[in-house]
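The values are calculated or read from the model by the stated rules, or taken from the named source; none is laboratory data. Note that the structure is a prediction, hence the values are computed from the model and not measured. Glycine also receives a Cβ, built like all others from the backbone with ideal geometry; neighbour counts cover every protein chain displayed. In case anyone asks, the SASA skips ligands and DNA or RNA and just uses the protein heavy atoms, side chains included. Shrake-Rupley method; radii C 1.70, N 1.55, O 1.52, S 1.80 Å.
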Amino acid sequence: MSSRIPIYQMTYGQEAEGKPGLVFTSEQEEYGNQSILFTIPILEIFLHPIELIDYLKHTDIVFPFELDGEYYDLKGKIEFPEITFEVPKTKIKITFEIEYDYVFNWHIFPFRSRSFKGMKYVGKHTKLILRNHGFLILQPVDLYEMDELYLKHKGIFVGMTPNFGNNDNFGKEQNAW
């Protein structure tokens with residue numbers, strides 16, 4: 001059994017008191033000038049970087065995706081720090097890299113006294129957030145490849161948002177696909 005965790009589409013934002021964090025793009029007043037981020041929620045508390053990496057390797061990371069108007073949940077293959085997704089009906093594989101600087105930059109000694117602190121969600125759609133222990137940020141390795149996927153196949157990595165994705169089965173224990 002493994003847990004399914006969705007990749008979310010978010011952007012940088014602030015809570016009412018001004019504390020920085022992540023929000024969904026639809027929660028921002030201005031849509032025009034936002035950096036879109038793909039993020040993986042951290043569902044457990046980790047006291048050591050290797051615990052986090054091991055957890056990711058044994059979890060189904062799922063990317064809400066659209067291909068020519070059809071919805072898919074793409075399951076990623078993790079080789080930390082990279083996650084690769086195979087696009088259905090094509091021979092295309094798209095790779096993302098987990099921004100890992102702050103994974104290995106958390107206080108090394110003593111490991112056991114401080115848990116991993118990823119950037120937290122500070123928006124209002126808390127029902128979509130499984131547990132708010134922070135998020136890892138993903139960066140596409142090859143933007144040209146993603147552009148070609150869209151231009152030739154109308155394929156787009158969307159991520160979970162309040163308006164897109166199937167969150168009914170995320171975060172629950174399930175048999176591997």
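For the residues Val23, Val62, the requirement of being within 25 Å of Leu149 (Cα to Cα) and either open to solvent by 10 Å² or more (accessible area, probe 1.4 Å) or not polar (S, T, N, Q) (or both) singles out Val62. For the range 133-154, the criterion of being open to solvent by 40 Å² or more (accessible area, probe 1.4 Å), within 21 Å of Ile78 (Cα to Cα) and modelled with pLDDT under 85 is met by at least one residue.
Taken over the range 32-48, the criterion of being in contact (Cβ under 8 Å) with a residue 40 or more places away in the chain and either surrounded by fewer than 17 Cβ atoms within 10 Å (Cβ to Cβ) or in contact with a strand residue (DSSP E or B) (Cβ under 9 Å, 6 or more places away or on another chain) (or both) is satisfied by Leu37, Phe38, Thr39, Ile40, Pro41, Ile42, Leu43, Glu44, Ile45, Leu47, His48. Checking each residue in the range 65-95 for being small (Gly, Ala, Ser) and open to solvent by 40 Å² or more (accessible area, probe 1.4 Å) picks out only Gly69. Checking the structure you have, find out if any residue of the range 89-106 is hydroxyl-bearing (Ser, Thr, Tyr), within 20 Å of Met10 (Cβ to Cβ) and at pLDDT below 90. Yes, the range 89-106 contains a residue that is hydroxyl-bearing (Ser, Thr, Tyr), within 20 Å of Met10 (Cβ to Cβ) and at pLDDT below 90.
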